[in-house]
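The values are calculated or read from the model by the stated rules, or taken from the named source; none is laboratory data. All of these numbers come straight from a predicted model, not from anything done at the bench. Note: ideal-geometry Cβ built from the backbone for every residue, glycine included; neighbour counts use all protein chains shown. These accessible areas exclude ligands, DNA and RNA; they are computed on the full protein's heavy atoms, side chains included. Shrake-Rupley method; radii C 1.70, N 1.55, O 1.52, S 1.80 Å.
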Amino acid sequence: MKIAFVGKGGSGKTTLSSLFIRHLAANEAPVVAVDADINQHLGTALGLGEDEAAELPALGAHLPLIKDYLRGSNPRIASADTMIKTTPPGRGSRLLRVTEDNPVYEACARTLLLDEEPVRLMATGPFTEADLGVACYHSKVGAVELCLNHLVDGPDEYVVVDMTAGSDSFASGMFTRFDVTFLVAEPTRKGVSVYRQYKEYARDFEVSLKVVGNKVQGPEDIEFLQDEVGEDLLVTVGHSDWVRAMEKGRPAAFELLEATNRLALQSLQDAADDSYAHRDWERYTEQMVRFHLKNAESWGNARTGVDLADQIDPGFVLREGAAGAVAGGDGAEALVSPRPPRLRPTPQPA
(Lines give C-alpha, C1' and ligand atoms only; values in the text may rest on other atoms or scores of the structure.)
Protein backbone atom coordinates (compact mmCIF):
# COMPACT_ATOMS: atom_id res chain seq x y z
CA MET A 1 0.00 0.00 0.00
CA LYS A 2 1.09 3.55 -0.74
CA ILE A 3 0.55 5.81 2.26
CA ALA A 4 1.01 9.57 2.66
CA PHE A 5 1.37 11.60 5.84
CA VAL A 6 0.32 15.24 5.49
CA GLY A 7 -0.46 18.12 7.85
CA LYS A 8 0.48 21.65 8.73
CA GLY A 9 3.99 22.47 9.86
CA GLY A 10 4.53 21.54 13.49
CA SER A 11 1.60 19.13 13.64
CA GLY A 12 3.86 16.15 14.33
CA LYS A 13 3.50 14.74 10.81
CA THR A 14 7.10 13.56 10.52
CA THR A 15 7.14 12.14 14.04
CA LEU A 16 4.00 10.10 13.41
CA SER A 17 5.17 8.90 10.01
CA SER A 18 8.44 7.74 11.59
CA LEU A 19 6.55 5.92 14.35
CA PHE A 20 4.35 4.24 11.77
CA ILE A 21 7.41 3.14 9.81
CA ARG A 22 8.93 1.71 13.00
CA HIS A 23 5.65 -0.05 13.75
CA LEU A 24 5.58 -1.68 10.32
CA ALA A 25 9.21 -2.72 10.63
CA ALA A 26 8.51 -4.21 14.06
CA ASN A 27 5.81 -6.30 12.37
CA GLU A 28 8.44 -7.43 9.82
CA ALA A 29 6.63 -5.78 6.93
CA PRO A 30 8.67 -4.67 3.90
CA VAL A 31 8.81 -0.85 3.91
CA VAL A 32 10.13 1.86 1.61
CA ALA A 33 10.14 5.21 3.43
CA VAL A 34 10.33 8.44 1.42
CA ASP A 35 11.10 11.90 2.79
CA ALA A 36 9.33 14.31 0.43
CA ASP A 37 9.15 17.18 2.92
CA ILE A 38 11.07 20.38 2.24
CA ASN A 39 12.53 20.24 5.76
CA GLN A 40 13.97 16.71 5.36
CA HIS A 41 13.63 15.48 8.96
CA LEU A 42 12.47 11.90 8.43
CA GLY A 43 15.99 10.49 8.52
CA THR A 44 16.75 11.97 11.93
CA ALA A 45 13.30 10.91 13.20
CA LEU A 46 14.29 7.36 12.25
CA GLY A 47 17.49 7.60 14.26
CA LEU A 48 20.12 8.98 11.89
CA GLY A 49 22.47 11.67 13.10
CA GLU A 50 22.32 15.07 11.44
CA ASP A 51 25.46 14.38 9.41
CA GLU A 52 24.23 10.93 8.37
CA ALA A 53 20.87 12.34 7.28
CA ALA A 54 22.62 15.05 5.26
CA GLU A 55 24.57 12.36 3.40
CA LEU A 56 21.46 10.57 2.14
CA PRO A 57 21.48 10.52 -1.68
CA ALA A 58 19.00 12.98 -3.19
CA LEU A 59 16.45 11.51 -5.58
CA GLY A 60 16.48 14.72 -7.61
CA ALA A 61 20.22 14.41 -8.16
CA HIS A 62 19.69 10.98 -9.75
CA LEU A 63 16.78 11.93 -11.97
CA PRO A 64 18.58 11.03 -15.25
CA LEU A 65 19.31 7.53 -13.94
CA ILE A 66 15.72 7.14 -12.71
CA LYS A 67 14.29 8.21 -16.05
CA ASP A 68 16.61 5.99 -18.06
CA TYR A 69 15.81 2.94 -15.94
CA LEU A 70 12.03 3.42 -15.88
CA ARG A 71 11.88 4.18 -19.59
CA GLY A 72 13.11 0.69 -20.38
CA SER A 73 12.20 -0.24 -23.94
CA ASN A 74 8.95 1.74 -24.05
CA PRO A 75 8.73 2.74 -27.73
CA ARG A 76 6.50 5.72 -26.97
CA ILE A 77 9.27 7.52 -25.08
CA ALA A 78 11.87 8.77 -27.56
CA SER A 79 14.50 9.42 -24.88
CA ALA A 80 14.87 9.80 -21.15
CA ASP A 81 15.22 13.54 -21.70
CA THR A 82 11.59 13.72 -22.84
CA MET A 83 10.28 12.17 -19.63
CA ILE A 84 8.71 14.52 -17.10
CA LYS A 85 7.50 13.87 -13.56
CA THR A 86 4.05 12.73 -14.74
CA THR A 87 5.15 10.43 -17.57
CA PRO A 88 3.07 7.27 -17.15
CA PRO A 89 4.32 3.74 -17.75
CA GLY A 90 3.39 1.72 -20.81
CA ARG A 91 4.36 -1.52 -22.46
CA GLY A 92 8.13 -1.78 -22.32
CA SER A 93 8.48 0.41 -19.22
CA ARG A 94 10.36 -0.91 -16.23
CA LEU A 95 8.34 -1.04 -13.02
CA LEU A 96 9.44 -0.80 -9.40
CA ARG A 97 8.60 -3.24 -6.63
CA VAL A 98 8.95 -2.71 -2.91
CA THR A 99 11.12 -5.75 -2.20
CA GLU A 100 13.31 -6.05 -5.27
CA ASP A 101 16.84 -4.84 -5.89
CA ASN A 102 17.22 -2.44 -8.81
CA PRO A 103 19.51 0.42 -9.93
CA VAL A 104 17.12 3.07 -8.58
CA TYR A 105 17.23 1.70 -5.05
CA GLU A 106 20.96 1.06 -5.34
CA ALA A 107 21.63 4.72 -6.18
CA CYS A 108 18.91 6.48 -4.21
CA ALA A 109 18.04 4.39 -1.15
CA ARG A 110 19.82 3.54 2.05
CA THR A 111 18.78 0.64 4.25
CA LEU A 112 18.43 1.36 7.96
CA LEU A 113 18.09 -1.09 10.80
CA LEU A 114 15.17 -0.25 13.05
CA ASP A 115 15.28 -2.63 16.02
CA GLU A 116 17.10 -5.11 13.76
CA GLU A 117 14.56 -4.85 10.94
CA PRO A 118 15.58 -3.31 7.58
CA VAL A 119 13.78 -0.30 6.09
CA ARG A 120 14.70 1.37 2.81
CA LEU A 121 14.87 5.16 3.12
CA MET A 122 14.80 7.58 0.19
CA ALA A 123 14.86 11.39 0.24
CA THR A 124 14.08 14.06 -2.32
CA GLY A 125 17.00 16.15 -1.11
CA PRO A 126 16.98 19.56 0.58
CA PHE A 127 16.09 22.89 -0.99
CA THR A 128 19.51 24.50 -1.39
CA GLU A 129 20.70 28.08 -1.74
CA ALA A 130 21.35 27.40 -5.42
CA ASP A 131 17.61 26.79 -5.86
CA LEU A 132 16.53 30.11 -4.36
CA GLY A 133 14.80 32.30 -6.91
CA VAL A 134 15.18 29.81 -9.76
CA ALA A 135 13.27 26.68 -8.71
CA CYS A 136 10.21 25.68 -6.73
CA TYR A 137 10.25 22.79 -4.30
CA HIS A 138 7.76 20.84 -6.39
CA SER A 139 10.53 20.28 -8.92
CA LYS A 140 12.39 18.41 -6.18
CA VAL A 141 9.59 15.91 -5.63
CA GLY A 142 9.21 15.17 -9.35
CA ALA A 143 11.44 12.10 -8.96
CA VAL A 144 9.14 10.79 -6.22
CA GLU A 145 6.08 11.24 -8.42
CA LEU A 146 7.77 9.48 -11.34
CA CYS A 147 8.73 6.54 -9.13
CA LEU A 148 5.21 6.27 -7.69
CA ASN A 149 3.79 6.24 -11.22
CA HIS A 150 5.92 3.18 -11.98
CA LEU A 151 5.45 1.37 -8.66
CA VAL A 152 3.57 -1.92 -8.40
CA ASP A 153 2.99 -2.75 -4.75
CA GLY A 154 0.95 -5.54 -3.26
CA PRO A 155 -0.77 -6.39 0.02
CA ASP A 156 1.45 -6.35 3.10
CA GLU A 157 3.97 -4.10 1.28
CA TYR A 158 4.22 -0.48 2.32
CA VAL A 159 5.51 2.73 0.80
CA VAL A 160 5.27 5.54 3.37
CA VAL A 161 5.79 9.11 2.15
CA ASP A 162 6.29 12.04 4.51
CA MET A 163 4.85 14.83 2.37
CA THR A 164 5.62 18.55 2.41
CA ALA A 165 3.65 20.54 5.00
CA GLY A 166 0.35 22.27 4.30
CA SER A 167 -1.63 21.86 1.10
CA ASP A 168 1.38 22.23 -1.24
CA SER A 169 0.96 18.59 -2.29
CA PHE A 170 -1.90 19.70 -4.52
CA ALA A 171 0.48 21.65 -6.75
CA SER A 172 1.12 18.31 -8.49
CA GLY A 173 -0.84 15.14 -9.08
CA MET A 174 1.13 13.26 -6.45
CA PHE A 175 -1.70 13.53 -3.92
CA THR A 176 -3.67 10.99 -6.01
CA ARG A 177 -0.89 8.39 -5.87
CA PHE A 178 -1.81 6.93 -2.47
CA ASP A 179 -4.17 4.24 -1.22
CA VAL A 180 -4.74 6.22 1.96
CA THR A 181 -3.66 9.65 3.21
CA PHE A 182 -3.23 10.25 6.93
CA LEU A 183 -3.71 13.90 7.82
CA VAL A 184 -2.14 14.78 11.17
CA ALA A 185 -4.11 17.51 12.95
CA GLU A 186 -3.78 19.16 16.32
CA PRO A 187 -6.99 19.92 18.24
CA THR A 188 -6.98 23.63 17.31
CA ARG A 189 -8.64 25.76 14.64
CA LYS A 190 -5.32 26.11 12.84
CA GLY A 191 -4.74 22.41 13.25
CA VAL A 192 -7.85 21.49 11.25
CA SER A 193 -7.49 24.22 8.61
CA VAL A 194 -5.28 22.03 6.42
CA TYR A 195 -7.84 19.25 6.77
CA ARG A 196 -10.54 21.48 5.27
CA GLN A 197 -8.27 22.38 2.34
CA TYR A 198 -7.35 18.74 1.74
CA LYS A 199 -10.95 17.61 2.00
CA GLU A 200 -12.03 20.16 -0.59
CA TYR A 201 -9.24 19.39 -3.05
CA ALA A 202 -9.43 15.63 -2.62
CA ARG A 203 -13.20 15.31 -3.08
CA ASP A 204 -13.11 15.19 -6.88
CA PHE A 205 -10.33 12.59 -6.95
CA GLU A 206 -11.74 10.03 -4.52
CA VAL A 207 -8.71 10.40 -2.25
CA SER A 208 -9.08 8.31 0.91
CA LEU A 209 -8.43 10.73 3.77
CA LYS A 210 -8.16 9.78 7.45
CA VAL A 211 -7.43 12.24 10.26
CA VAL A 212 -4.99 11.40 13.04
CA GLY A 213 -5.48 13.70 16.01
CA ASN A 214 -2.13 14.51 17.58
CA LYS A 215 -1.11 16.19 20.85
CA VAL A 216 -4.47 15.29 22.35
CA GLN A 217 -4.62 15.92 26.07
CA GLY A 218 -8.13 14.91 27.06
CA PRO A 219 -11.79 14.32 26.18
CA GLU A 220 -12.35 17.97 25.22
CA ASP A 221 -9.67 17.74 22.54
CA ILE A 222 -11.22 14.57 21.15
CA GLU A 223 -14.67 16.16 21.13
CA PHE A 224 -13.30 19.20 19.29
CA LEU A 225 -11.76 17.03 16.57
CA GLN A 226 -14.92 14.95 16.26
CA ASP A 227 -16.97 18.11 15.78
CA GLU A 228 -14.55 19.50 13.18
CA VAL A 229 -13.73 16.44 11.05
CA GLY A 230 -16.56 14.02 11.84
CA GLU A 231 -16.19 10.45 10.66
CA ASP A 232 -12.84 11.20 9.05
CA LEU A 233 -11.25 11.08 12.52
CA LEU A 234 -9.55 7.69 12.69
CA VAL A 235 -7.60 7.80 15.93
CA THR A 236 -5.95 10.19 18.38
CA VAL A 237 -2.46 10.20 19.87
CA GLY A 238 -1.43 11.77 23.16
CA HIS A 239 1.81 12.60 24.95
CA SER A 240 4.64 10.09 24.64
CA ASP A 241 7.64 9.86 26.93
CA TRP A 242 9.16 7.47 24.38
CA VAL A 243 8.95 10.13 21.66
CA ARG A 244 10.37 12.78 23.99
CA ALA A 245 13.37 10.54 24.72
CA MET A 246 13.80 9.86 20.99
CA GLU A 247 13.81 13.59 20.24
CA LYS A 248 16.56 13.99 22.83
CA GLY A 249 18.62 11.37 21.01
CA ARG A 250 18.04 8.66 23.62
CA PRO A 251 15.46 6.33 22.07
CA ALA A 252 14.48 3.18 23.90
CA ALA A 253 13.56 -0.08 22.19
CA PHE A 254 10.41 0.45 20.15
CA GLU A 255 8.60 -2.27 22.07
CA LEU A 256 8.62 0.13 25.04
CA LEU A 257 6.43 2.69 23.26
CA GLU A 258 3.30 3.30 25.30
CA ALA A 259 0.59 0.66 24.76
CA THR A 260 -2.05 3.26 23.84
CA ASN A 261 0.19 4.69 21.13
CA ARG A 262 1.05 1.22 19.84
CA LEU A 263 -2.68 0.56 19.50
CA ALA A 264 -3.08 3.85 17.62
CA LEU A 265 -0.36 2.82 15.17
CA GLN A 266 -2.06 -0.54 14.69
CA SER A 267 -5.25 1.35 13.80
CA LEU A 268 -3.29 3.15 11.08
CA GLN A 269 -2.01 -0.14 9.70
CA ASP A 270 -5.50 -1.63 9.79
CA ALA A 271 -6.86 1.35 7.84
CA ALA A 272 -4.06 1.02 5.28
CA ASP A 273 -4.67 -2.70 4.92
CA ASP A 274 -8.43 -2.15 4.53
CA SER A 275 -7.77 0.32 1.70
CA TYR A 276 -6.40 -2.51 -0.43
CA ALA A 277 -9.89 -3.86 -1.03
CA HIS A 278 -10.85 -0.56 -2.66
CA ARG A 279 -7.82 -0.29 -4.94
CA ASP A 280 -8.84 0.66 -8.48
CA TRP A 281 -5.95 0.35 -10.92
CA GLU A 282 -8.02 1.70 -13.80
CA ARG A 283 -8.88 4.90 -11.95
CA TYR A 284 -5.28 5.14 -10.76
CA THR A 285 -4.01 4.95 -14.34
CA GLU A 286 -6.66 7.37 -15.61
CA GLN A 287 -5.54 9.92 -13.03
CA MET A 288 -1.93 9.48 -14.13
CA VAL A 289 -2.93 10.20 -17.72
CA ARG A 290 -5.08 13.17 -16.67
CA PHE A 291 -2.27 14.92 -14.83
CA HIS A 292 0.26 14.05 -17.50
CA LEU A 293 -1.87 15.71 -20.19
CA LYS A 294 -2.36 18.74 -17.94
CA ASN A 295 1.38 19.11 -17.36
CA ALA A 296 2.17 18.47 -21.02
CA GLU A 297 -0.13 21.25 -22.15
CA SER A 298 0.89 23.77 -19.51
CA TRP A 299 4.68 23.43 -19.70
CA GLY A 300 5.96 19.97 -20.64
CA ASN A 301 5.56 20.17 -24.42
CA ALA A 302 7.33 23.52 -24.56
CA ARG A 303 10.17 22.34 -22.34
CA THR A 304 10.84 19.04 -24.12
CA GLY A 305 9.98 20.12 -27.66
CA VAL A 306 7.75 17.07 -28.25
CA ASP A 307 4.07 16.26 -27.89
CA LEU A 308 4.05 14.39 -24.58
CA ALA A 309 0.54 13.10 -25.19
CA ASP A 310 2.21 10.56 -27.49
CA GLN A 311 3.78 8.95 -24.40
CA ILE A 312 0.38 7.62 -23.33
CA ASP A 313 -0.10 3.95 -24.18
CA PRO A 314 -3.80 3.48 -25.10
CA GLY A 315 -5.41 0.60 -23.27
CA PHE A 316 -2.52 0.18 -20.84
CA VAL A 317 -3.50 -0.12 -17.19
CA LEU A 318 -0.88 -0.49 -14.52
CA ARG A 319 -1.81 -3.55 -12.48
CA GLU A 320 -0.46 -5.80 -9.82
CA GLY A 321 -0.03 -9.38 -10.88
CA ALA A 322 1.93 -11.83 -13.00
CA ALA A 323 3.14 -11.36 -16.55
CA GLY A 324 0.34 -11.40 -19.09
CA ALA A 325 -2.19 -9.64 -16.85
CA VAL A 326 -4.94 -8.12 -18.98
CA ALA A 327 -4.43 -4.37 -18.94
CA GLY A 328 -7.31 -2.91 -20.87
CA GLY A 329 -10.49 -3.50 -22.77
CA ASP A 330 -8.61 -4.02 -26.01
CA GLY A 331 -6.64 -6.93 -24.60
CA ALA A 332 -3.41 -4.98 -24.18
CA GLU A 333 -1.05 -6.47 -21.65
CA ALA A 334 0.73 -4.73 -18.83
CA LEU A 335 4.41 -5.47 -18.54
CA VAL A 336 4.39 -6.71 -14.95
CA SER A 337 6.90 -9.39 -14.21
CA PRO A 338 6.20 -12.15 -11.68
CA ARG A 339 6.83 -11.02 -8.12
CA PRO A 340 10.39 -11.81 -7.05
CA PRO A 341 11.12 -13.29 -3.66
CA ARG A 342 11.54 -10.81 -0.84
CA LEU A 343 15.09 -9.55 -0.68
CA ARG A 344 16.69 -8.25 2.49
CA PRO A 345 19.39 -5.84 1.33
CA THR A 346 22.54 -5.36 3.33
CA PRO A 347 21.42 -2.93 6.07
CA GLN A 348 23.24 0.06 7.52
CA PRO A 349 22.55 0.55 11.25
CA ALA A 350 20.68 3.76 12.05
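For region 169-242, the Kirkwood hydrodynamic radius from C-alpha pairs, put into Stokes-Einstein at 4 °C and a viscosity of 1.567 mPa s, yields a diffusion coefficient of 101 µm² per second. Shown here: log10 I(q)/I(0) by the Debye sum over Cα atoms at q = 0.07, 0.13, 0.15 Å⁻¹, derived from the displayed model; of the candidates [x] -0.34, -1.04, -1.30; [y] -0.28, -1.01, -1.35; [z] -0.39, -1.01, -1.25, it corresponds to [y]. By accessible area, using a 1.4 Å probe on protein heavy atoms only, the chain has 49% of its surface on carbon and sulfur.
Taking K and R as +1 and D and E as -1, what net charge do the other residues with C-beta under 14 Å from the C-beta of Ala33 add up to? Mind dumping the intermediate values first?
Details: positive: Lys2, Lys13, Arg22, Arg110, Arg120; negative: Asp35, Asp37, Glu117, Asp153, Glu157, Asp162.
The answer is -1.
Go ahead and estimate [θ] at 222 nm for the chain from helices alone: -39,500 (n - 2.57) per DSSP H run with n ≥ 4, summed, over the residue count, rounded to 500. Don't skip to the answer; put the middle values down first.
Details: 12 runs with 114 residues, N = 350.
Helix-only estimate at 222 nm: -9500 deg cm²/dmol.
With a cut-off of 8 Å between alpha carbons and a minimum separation of six or more residues, what is the relative contact order of region 137-281 in percent? Walk me through the numbers before you get to the answer.
Details: 136 pairs, mean separation 29.5, N = 145.
Answer for region 137-281 is 20 percent.
Shape descriptor for region 1-159: Rg over Rh equals 0.96 (Cα atoms; Rh from the Kirkwood inverse mean 1/r). For Glu282 and Asn102, a Förster radius of 30 Å and the Cβ-Cβ distance give a FRET efficiency of 0.70, rounded to the nearest 0.05. Pull up the cross-link candidates among the lysines for Lys13, meaning alpha carbon to alpha carbon under 19 Å and not fewer than 8 places away within one chain. The reachable lysines, counting only those whose Cα sits under 19 Å from Lys13, are Lys2, Lys190, Lys199, Lys210, Lys215, Lys248. Counting only Cα atoms, the size of region 184-285 along its three principal axes is 45, 30, 22 Å, in decreasing order. In order along region 12-20, phi translates into HN-Hα couplings of x, 4, 5, 4, 5, 5, 5, 5, 5 Hz, rounded to whole numbers, per the Karplus curve 6.51 cos²θ - 1.76 cosθ + 1.60 with θ = phi - 60° and x for Gly and Pro.
Per residue, the accessible area of the chain comes to 44 Å², computed with a 1.4 Å probe over protein heavy atoms only. Other residues with beta-carbon under 10 Å from the beta-carbon of Leu233 carry, at +1 per Lys or Arg and -1 per Asp or Glu, a net charge of -3.
If you place +1 on the Cβ of every Lys and Arg and -1 on the Cβ of every Asp and Glu, how big does the dipole about the Cα centre of the chain come out, in debye to the nearest 20?
Numbers: 35 positive and 52 negative charges, 116 e Å.
With Lys and Arg at +1 and Asp and Glu at -1, about 560 debye.
Full extension of the chain segment joining Glu255 with Glu116 gains 48.8 nm, where the gain is 0.36 nm per residue of separation less the Cα-Cα distance. For a straight C-alpha distance cut-off of 12 angstrom, the aspartates and glutamates reachable from Lys85 (same-chain residues fewer than eight places away being disregarded) are Glu145. If the segment from Asp227 to Lys294 were pulled out straight at 0.36 nm per residue, it would be longer than the present Cα-Cα gap by 20.4 nm.
Relative contact order for the chain: 26 percent, from Cα pairs under 8 Å spaced at least 6 residues apart, divided by residue count.
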